[in-house]
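The values are calculated or read from the model by the stated rules, or taken from the named source; none is laboratory data. The structure presented is a predicted model; accordingly, all values stated were derived computationally and were not measured. When we count neighbours, we look across all protein chains shown, and the Cβ atoms used for this are built from the backbone with ideal geometry, even at glycine.
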Amino acid sequence: MPMNYTKTAVLLATMTAIFVVLGAAVGGKGGMLVAFAIALVMNLVSLWKSDSVVLRMFNAREVTASTAPELVGLVRDLARRAELPMPRVYIMDNPQPNAFATGRSPAKGAVCASTGLLEALNREELAGVMAHELAHIKNRDTLTMAVAATIGGAVSMVAQYLQFGMLFGGNRGGDRGGLGMIGTLAAIIVAPMAAGLVQMAISRSREYQADRMGAMICGNPYWLSSALRKIEGLARRVDNPEAEAVPAAAHMFIINPLNGHGMDNLFATHPSMDNRVAALEALAREMGVTARSTSGDAFGAGEAPRTSGGSDGVWIGGQNHSKPPSPWG
């Protein structure tokens, strides 16, 4: 999809400009040149290694068919339905139910689910979420999203450095050829906002598109709408320290991992949940899907994942009632 590459190029140019402005605030012309050089290196790293950077941000560990057979098998089936290469599969040890996808191309794609997500959802709901993430890979959204996360994170860090310097008298007017106190203050306020607005602009419409395509991949829009409702309620009660430390990456997740986010407005990283669910329910009517659970449909049996049973207990509705070993690895 050439349009996605164009958007990535525009994003890189915009983020580079923001980074250069911050460099000027730190050290005038010299700082601007240094920031430009750093931005070029960051652009290359973002294009080729952004997926690895993002996965490290959230301490994700790769799993295989031998270590997490249920999850890997589910993703394999969905990838086959989506006509995608099998992506790498990761799990992040985080109690907040959430997920994201990354990778610079479908051949380099990766999906990541939190332990909280795997414990909260049944198989149908998890299929909806994983299909949503595969839709991002199929649409080639993941490169732009990962680039925004890595460079946006750098912009935020530089702004924090400037704020720290102001508090302790680091930039005193034009003595180093910088923008001065007023310019630095403006950079501290405007640069992160500008970076955030760029990220939000690329995120919100893509979530609707990924919801729609993901629902078509798994075969039932209600699976995804049920998952979104469930994880939205649970996520608001569970903090995500890793995401809070890198808010520039919030747009990558299927729902906003940052607590206290607003409604469907200019400063929201995701569309409102009500709007997303309404769109999915409209799609269900369009597809002629009337049942929220469709065991035995084209995708497969809609059951919650189970262990071998016996005294260890079973997983019912995604909830581990007897604390057996996780089937997800």
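Considering each residue of region 8-31 in turn, at least one proves to be within 21 Å of Ile254 (Cα to Cα) and either out of contact with any Phe, Trp or Tyr (no Cβ under 8 Å at 6 or more places or on another chain) or modelled with pLDDT of 80 or more (or both).
Table: residues versus (1) surrounded by 14 or more Cβ atoms within 10 Å (Cβ to Cβ); (2) modelled with pLDDT of 80 or more; (3) more than 30 Å from Leu143 (Cβ to Cβ).
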{"position": "Glu242", "(1), (2), (3)": "yes, yes, no"}
{"position": "Ala250", "(1), (2), (3)": "yes, yes, no"}
{"position": "Ser272", "(1), (2), (3)": "yes, yes, no"}
{"position": "Asn275", "(1), (2), (3)": "yes, yes, no"}
{"position": "Ala278", "(1), (2), (3)": "no, yes, no"}
{"position": "Arg285", "(1), (2), (3)": "no, yes, yes"}
{"position": "Arg306", "(1), (2), (3)": "yes, no, yes"}
{"position": "Gly313", "(1), (2), (3)": "yes, no, yes"}
{"position": "Asn320", "(1), (2), (3)": "yes, no, yes"}
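Working only within region 39-56, note down all residues that are among the hydroxyl-bearing types (Ser, Thr, Tyr) and at pLDDT 70 or above. Within region 39-56, just Ser52 meets the criteria.
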